[in-house]
């Protein structure tokens with residue numbers, strides 16, 4: 001399946017709340033999300049996750065590929081979020097030239113459906129936790145720019161790489 005167009009900041013669909021989806025429909029979306037993530041990584045060299053709304057589908061589906069491991073999260077919902085938080089510079093396919101400093105929970109736990117329809121649980125910490133939170137926000141129409149920690153929490157990718165990127 002060819003990669004789909006990724007909606008960009010300013011598209012009103014990115015602000016919509018996604019609806020639950022049946023596993024049969026989710027399978028098709030996961031295929032498209034995987035192809036789109038793969039094409040984006042090939043073009044930019046970065047990216048680990050994407051939600052269905054970013055390709056114009058208001059369905060509660062997230063696809064992640066972290067350290068070569070795919071995660072297909074259908075109708076995910078939080079069951080727990082740690083009280084401890086941390087700050088990081090976040091990026092997004094929907095505004096690829098912008099970095100946003102945000103605060104995220106150190107750990108989260110979600111339940112979701114597998115592609116086969118069975119309920120699964122994911123306990124995520126650190127980098128996986130922040131990625132899950134970023135993508136879960138997309139499902140609720142929330143963007144990283146909404147979570148900016150202050151007026152100095154935005155930087156172009158070029159400026160961020162010049163000033164903040166670790167060697």
Q: First check a/c for the stretch 1-76, with a ≥ b ≥ c the square roots of the eigenvalues of its C-alpha gyration tensor; if it is under 1.5, answer rounded, and if not, answer prolate when a/b is larger than b/c or oblate otherwise.
A: oblate
Q: Using only alpha carbon pairs under 8 Å that are at least six residues apart, calculate the relative contact order of the stretch 12-163 and give it in whole percent.
A: 25 percent
Q. What is the antiparallel percent of DSSP beta bridges lying wholly in the stretch 12-163, to the nearest 5?
A. 95 percent
Q. Rounded to the nearest 500, what is the chain's calculated 222 nm mean residue ellipticity when only DSSP H runs of at least 4 contribute -39500 (n - 2.57) each, over all residues?
A. -8500 deg cm²/dmol
(Q) With a 10 Å cut-off between alpha carbons and a GNM built on the chain, which of 17, 69, 111 moves the most? (A) 69
Q | Computed lengthening from residue 82 to residue 24, 0.36 nm per intervening residue step minus Cα-Cα distance | A | 17.6 nm
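Values in this text are rule-based calculations from the coordinates and carry no lab data. Everything numeric in this text was worked out from a predicted model, so none of it was measured.
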